[in-house]
1. Among the residues of segment 118-140, count how many are under 17 Å from the mean Cα position of the chain (by Cα), among the β-branched types (Val, Ile, Thr) and surrounded by fewer than 24 Cβ atoms within 10 Å (Cβ to Cβ).
2. Restricting the first residue to segment 78-105 and requiring it to be in a helix (DSSP H, G or I), which pairs with a second residue that is open to solvent by 30 Å² or more (accessible area, probe 1.4 Å) meet a Cβ separation below 6 Å and a spacing of at least six or different chains?
3. Could you check Ala21 against (1) within 17 Å of Val142 (Cβ to Cβ); (2) touching a Cys at 6+ places or on another chain (Cβ under 7 Å); (3) of a type in the set (Gly, Ala, Ser) and say which number it fails?
4. So the check is Cβ under 7 Å with 6+ separation or different chains; which pairs have a first residue in segment 1-17 that's among the polar types (S, T, N, Q) and a second one that's open to solvent by 40 Å² or more (accessible area, probe 1.4 Å)?
5. Here are some residues: Leu73, Leu104. Which one is modelled with pLDDT of 95 or more, open to solvent by 30 Å² or more (accessible area, probe 1.4 Å) and touching a helix residue (DSSP H, G or I) at 6+ places or on another chain (Cβ under 9 Å)?
Amino acid sequence: MQKILVSRCLLGQRVRYDGGAHGPFGLLERWQAEGRIVPLCPEVAGGLPTPRAPAEIAGGRGAAVLDGELPVLTDDGQDVTAEFVAGARIALELVAAHGIRIALLKSRSPSCGNRENYDGTFSGARVAGEGVTAAALRRAGVEVFSEEELAEAAARLAELDEA
């Protein structure tokens, strides 16, 4: 049985920057009951509190953060790059420990966003891009989906189970 890395906020756990949560979604509850889910909030795992100041990456470029080219900054200018990178490393450790090939992460998060992110201006503007953890997972060969792609993630998980 394939395991899947899932953002803790999508499981209804109140770990978002604002102390909120999303979900839980029915399919995730089923996967959790089956023992498939490995939960993680990279930002909390990396050492940030809940709640915390909102953070963004210029251009939404999580890979550039991993490469040391860009910082992750809060809306008051605090550099939280180290915590974001630490959370991404923990995600990679979990992937290796559990043989994970799929992740379901929170869309548009500076850690977890897989296709779109905020642009770093704290204006609500969105750009194509990915978060720090999403970029690290993608580089490691993990397929990253968001809660907006739940059906696609389920289909891919079923394919892997059949293989």
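1. 1
2. Thr81/Pro71; Glu83/Gly47; Gly87/Ala45; Ile90/Ala45; Leu92/Ala140; His98/Lys3
3. (1)
4. Gln2/Arg101; Gln2/Asp161
5. On the way: Leu104 fails: open to solvent by 30 Å² or more (accessible area, probe 1.4 Å).
Within the list Leu73, Leu104, the selection yields Leu73.
The values are calculated or read from the model by the stated rules, or taken from the named source; none is laboratory data. The model shown is predicted, which means the values in this text are computed figures rather than measured ones. Positions of Cβ are backbone-derived with ideal geometry, glycine not excepted, and every protein chain shown enters the neighbour counts. These accessible areas exclude ligands, DNA and RNA; they are computed on the full protein's heavy atoms, side chains included. Shrake-Rupley method; radii C 1.70, N 1.55, O 1.52, S 1.80 Å.
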